[in-house]
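Engineer: Handing you a structure now.
Please treat every number below as a calculation from the coordinates, not as lab data. Note that the coordinates shown come from a computational prediction; the quantities given were computed from them, not determined experimentally. So basically every Cβ, Gly included, is an ideal-geometry build from the backbone, and we count neighbours across all protein chains shown.
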Amino acid sequence: MAIFENLSERLQAAFKRLRGKGKVTEEDVSEVMREIRVALLEADVSYKVVKDFIKKVKERAVGQEVLASLTPAQQVIKIVHEELIELLGGIQSRLTTAPKPPTVIMLVGLQGAGKTTSAGKLANLLRKQGKKPLLVAADIYRPAAVKQLQVLGEQLQIPVFAMGTSVSAVNIAKGALEYAASHGRDMVIIDTAGRLHINEELMQELQDIKAAIKPHEILLVVDAMTGQTAVEVAETFNAQLGIDGVIMTKLDGDAKGGAALSVRAVTGKPIKFAGMGEKLDALEPFYPDRLASRILGM
Amino acid sequence: TGYRKPDEEFFEELEEALIQADVGVTTSMQLVEKLQKICKERRIEDASLLKDVLAEEVARILGEEDIELNLKGQPFSVILVVGVNGVGKTTTIGKLAWFLKSQGKKVILAAGDTFRAAAIDQLEIWGNRAGVEVIKHQEGSDPAAVAFDAMQAARARKADVIIIDTAGRLHNKVNLMEELKKIKRVIQREVPDAPHEVLLVLDATTGQNAVNQAKIFGEAAGVTGIVLTKLDGTAKGGVIISIKNELKVPVKFIGIGEKMEDLRPFAPQEFASALFDRSDAKEM
Ligand SMILES: Nc1nc2c(ncn2[C@@H]2O[C@H](COP(=O)(O)OP(=O)(O)OP(=O)(O)O)[C@@H](O)[C@H]2O)c(=O)[nH]1
Ligand SMILES: Nc1nc2c(ncn2[C@@H]2O[C@H](COP(=O)(O)OP(=O)(O)OP(=O)(O)O)[C@@H](O)[C@H]2O)c(=O)[nH]1
Ligand SMILES: [K+]
Ligand SMILES: [Mg+2]
Ligand SMILES: [Mg+2]
């Protein structure tokens, strides 16, 4: 199965098998769809998302474009590529800003996804845009989480609001807003503790923070290496919290990043940024066409 | 009636359940084919019986090797912990230190992640929790030098085990993988047969990329065992089946939470049963 490196090779091979049979038929297209299905699943796109996607692509592919084409493999790849980009949405790296500052951004997600690092990167990016960010250490659970954010703040020379680990995250967030108001900080970026979407107590904590400070942007931070569980995670965070967008991290690795499709498909929320490394300048706009090509191995 | 027939629809659902557990398409299809064969051979009419057959098959793939840690090193054993960013290396080290200490071992930790912000502080907190000594240098210093110092300390204090933390690194970054080799070389200058274990930490929420991680860390660092973390969530970590199938590296421990006692020796049978224990698998 894994003989072919990427989807285009696979499809070319599939169509080669069909050559000499004359006209490409609808069944032939089904055969090719099976190859696409495998490629998407191997890229970690969610099973259910793949199912819907294949249906849609097939509908387009059995149209005249492919059947009549002299290069059916190329045609199918083109359709798949276009549909992938469509599913991933446009480039939307903008953040909502509050009519009256400060704009409050809250980062949430599973353990180890890259929230704290992304908070630092985002602060760095916003400062480059002329903003005055404030980082907020609201992870009171992970060992040395506060210190981690403080070190990043120091490296960036951006202030970090912290109250230690014996004050509730809600009170830290509230305190941060007061601090921002009195110190002229116009962007407040809140780092929260990593948590499992099934942890009710910790999901409640996020709801409480949201209720208390009404953030303008809740960004779900998702590791590009995430597998099938991405769907459930994104669905739950979105249902319980209402996310506004996604940051995909660790795209500097060699994971295909199919989780992006899943997250986008189930939440409908845009992927706003891509994490491209551990350094604090490694945050980029998210380019759907690049990810689509990456999934297809192009 | 009373039971469900193992028909085509059943096997399709089974394949779906496997893929959703991150087993991967190829391995899922192989498992289903194998099951279909067994089904014919043994003339199985009741699909519910197949669940156990499959669990056995998976447990067989996962469980052939010894999961015991090699702690026979002299004068002490060295465990090197590696993996990509954020998978749970430092936390696992904290848990493992406590686990070994409660077996009467004298443990020393080496703060070999000198790169990530507050990684040293994080390990120190774990050292305090577990009640074991942590050898550290300044942030930004050479990780191999920290490992070397920890070896000296272990010798002086007559420790049984040292566990070396390393910075998270993506396996496609060649220079970072080279750094691991350097750490190993320095360790081996002190104790030639060290490290006695190289544990690769994998996050159970990771999809098919974990196969690449295992391959490349395996080549660069000579991985001897896997720790599969974050199994307390809904992720099944099924990719481990492909990894074991291809690379024969045993899973030694699993992480099931963020607390010190949330580390367990790997139990293939339990893991295999949990793979199918989801609502999508309907009447299986
Ligand atoms: N290569 C790479 N590493 C990243 C990226 N973003 C974060 N990391 C690394 O991933 C690891 C985890 O990042 P953190 O920012 O601590 O993640 P977190 O979500 O705050 O973790 P918890 O607070 O424990 O839930 C660290 O080693 C980061 O340096 C990225 O885009 N690329
Ligand atoms: N739920 C759960 N969380 C875990 C488990 N193991 C680790 N974590 C969490 O995952 C996050 C990352 O863990 P770390 O130990 O910092 O991971 P790491 O691999 O050392 O990260 P880097 O050094 O940044 O590469 C932390 O929030 C941990 O508390 C586990 O078994 N279950
Ligand atoms: K992760
Ligand atoms: Mg954090
Ligand atoms: Mg660490």
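Engineer: Tell me which of B:Leu275, A:Ser118, B:Ala47 sits at the most positive position along the dipole axis of the protein assembly as shown, charges placed on C-beta atoms (Lys, Arg +1; Asp, Glu -1).
Structural biologist: A:Ser118
Engineer: How about segment A:208-298: which trypsin sites (Lys or Arg not before Pro) there are in a DSSP loop, with at most 13 other Cβ atoms within 10 Å of their Cβ?
Structural biologist: Passing sites in segment A:208-298 are A:Lys279.
Engineer: For Cα pairs less than 8 Å apart in space and 6+ apart in sequence, what is the mean separation divided by the residue count of segment A:141-200, i.e. the relative contact order in percent?
Structural biologist: Working: 20 pairs, mean separation 17.1, N = 60.
Averaging sequence separation for qualifying contacts and normalising by length gives 29 percent for segment A:141-200.
Engineer: Which whole-Hz couplings ³J(HN,Hα) result when phi for each residue of segment B:222-234 is put into the Karplus expression 6.51 cos²θ - 1.76 cosθ + 1.60, θ = phi - 60°, listed in order with x for Gly and Pro?
Structural biologist: Those phi angles translate into x, 4, 10, x, 10, 10, 9, 9, 6, 7, 7, x, 9 Hz.
Engineer: While we're looking at this one, here's another question. Could you state the number of Å between the C-alpha centres of segment A:118-186 and segment B:135-168?
Structural biologist: 32 Å
Engineer: Classify segment B:57-193 from the C-alpha gyration tensor, please: rounded if a/c falls under 1.5, else prolate or oblate depending on whether a/b exceeds b/c.
Structural biologist: Details: a/c = 1.33, a/b = 1.08, b/c = 1.22.
Rounded is the answer for segment B:57-193, as its axis ratio a/c remains below 1.5.
Engineer: For segment A:73-197, build the charge dipole from Cβ charges (+1 Lys, Arg; -1 Asp, Glu) around the Cα centre, then report which of A:Ala137, A:Ile77, A:Ser93 sits farthest towards its positive end.
Structural biologist: Going by the Cα projections, it comes out as A:Ala137.
Engineer: Rounded to the nearest 500 deg cm²/dmol, what is the calculated helix-only ellipticity per residue at 222 nm for chain B, with -39500 (n - 2.57) per DSSP H run of length n ≥ 4?
Structural biologist: -15000 deg cm²/dmol
Engineer: Among DSSP bridges having both ends in chain B, what percentage is antiparallel? Round to the nearest 5.
Structural biologist: In chain B, approximately 10 percent of DSSP beta bridges are antiparallel ones.
Engineer: Could I ask something else about it? Residue by residue through segment A:265-274, which ³J(HN,Hα) values in whole Hz follow from phi under the Karplus form 6.51 cos²θ - 1.76 cosθ + 1.60 (θ = phi - 60°), with glycine and proline marked x?
Structural biologist: Once θ is set to phi - 60°, the couplings for segment A:265-274 become 5, 7, 9, x, 8, x, 8, 8, 9, 10 Hz.
Engineer: Return the whole-Å distance between the Cα centroid of segment B:234-269 and the Cα centroid of segment A:200-226.
Structural biologist: First find each Cα centre; the distance between them is then 28 Å.
Engineer: Taking 8 Å as the Cα distance limit and 6 or more residues as the minimum spacing, I'd like the relative contact order of segment B:73-181 as a percentage.
Structural biologist: Reported relative contact order: 41 percent.
Engineer: Expressed as an acute angle from 0 to 90° and rounded to the nearest 10, what is the orientation of the C-alpha long axis of helix A:7-18 relative to the principal long axis of chain A?
Structural biologist: 20 degrees
Engineer: Pull up the DSSP beta bridges for segment A:199-285 and report the antiparallel fraction as a percent, rounded to 5.
Structural biologist: Taking every DSSP beta bridge within segment A:199-285, about 25 percent pair in antiparallel fashion.
Engineer: For peptide A:142-149, compute the average count of partner chain beta-carbon atoms within 10 Å of each residue's beta-carbon. Walk me through the intermediate numbers first.
Structural biologist: Values: counts 5, 13, 11, 3, 2, 7, 6, 2.
Per residue, the number of nearby Cβ atoms from other chains is 6 on average.
Engineer: Now a separate question. Nothing charged except the Cβ atoms of Lys and Arg (+1) and of Asp and Glu (-1): what's the magnitude of the dipole of the protein assembly as shown about its Cα centre? Round to the nearest 20 debye.
Structural biologist: Details: 76 positive and 79 negative charges, 251 e Å.
With only Lys, Arg, Asp and Glu charged at Cβ, the dipole is about 1200 debye.
Engineer: Still on this structure, I have one more. Ignore the peptide's own chain and count Cβ atoms of other chains within 10 Å of each Cβ in B:207-216; give me the average, rounded.
Structural biologist: On the way: counts 19, 10, 14, 3, 2, 4, 4, 0, 0, 1.
That works out to 6 on average.
Engineer: Separate question: May I ask you to evaluate 6.51 cos²θ - 1.76 cosθ + 1.60, the Karplus curve with θ = phi - 60°, for each residue of segment B:246-259 and list the ³J(HN,Hα) values in order in whole Hz, giving x for glycine and proline?
Structural biologist: Rounded to whole hertz, the list is 7, 10, 6, 8, x, 7, 9, 9, 10, x, 10, x, 9, 8.
Engineer: Run through the DSSP bridge list for segment B:187-284 and note the antiparallel percent, rounded to the nearest 5.
Structural biologist: Here the share of antiparallel DSSP bridges comes out near 25 percent.
Engineer: Same structure, new question: Taking every residue in A:111-117, how many Cβ atoms of other protein chains lie within 10 Å of its Cβ, on average? List each step's numbers first, then the result.
Structural biologist: Details: counts 10, 12, 4, 2, 1, 4, 4.
Across A:111-117, the average partner-chain Cβ count within 10 Å equals 5.
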